[in-house]
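Undergrad: Following this message is one structure expressed as structure tokens.
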């Protein structure tokens, strides 16, 4: 019986991408990028993995900038 964890990786990746915008910017942004990389290389979801990596980078940087200005 083979397990398919693709949906779990997608969920964790998107949750971390959203958290990177508000909480733990650097950590959650890196986790989102890593999840995108794993999706792209191991699960052959090239488009979804690439989008997750880009969104992880953008939300991490944007969250870091917002945190700098408002806190």
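Undergrad: Being under 21 Å from residue 7 (Cα atoms), in contact (Cβ under 8 Å) with a residue 12 or more places away in the chain and surrounded by 13 or more Cβ atoms within 10 Å (Cβ to Cβ): is that true of residue 36 here?
TA: Judged against the criteria, residue 36 is a match.
Undergrad: Given the conditions (1) surrounded by fewer than 16 Cβ atoms within 10 Å (Cβ to Cβ); (2) without any contact (Cβ under 8 Å) to a residue 24 or more places away in the chain; (3) in a helix (DSSP H, G or I), and given that residue 19 satisfies all but one, which numbered condition is not satisfied?
TA: Single failed check for residue 19: (1).
Undergrad: Does at least one position in the range 39-52 carry a residue that is part of a loop (DSSP other than H, G, I, E, B) and either in contact with a helix residue (DSSP H, G or I) (Cβ under 8 Å, 6 or more places away or on another chain) or crowded, with 18+ Cβ neighbours inside 10 Å (or both)?
TA: Yes, the range 39-52 has at least one match.
Throughout, read-outs are computed from the coordinates displayed, never taken from laboratory work. Quick caveat: nothing in here was measured; it's all calculated off a predicted structure. Cβ sites come from the backbone with ideal geometry, for glycine too, and all protein chains shown count toward neighbours.
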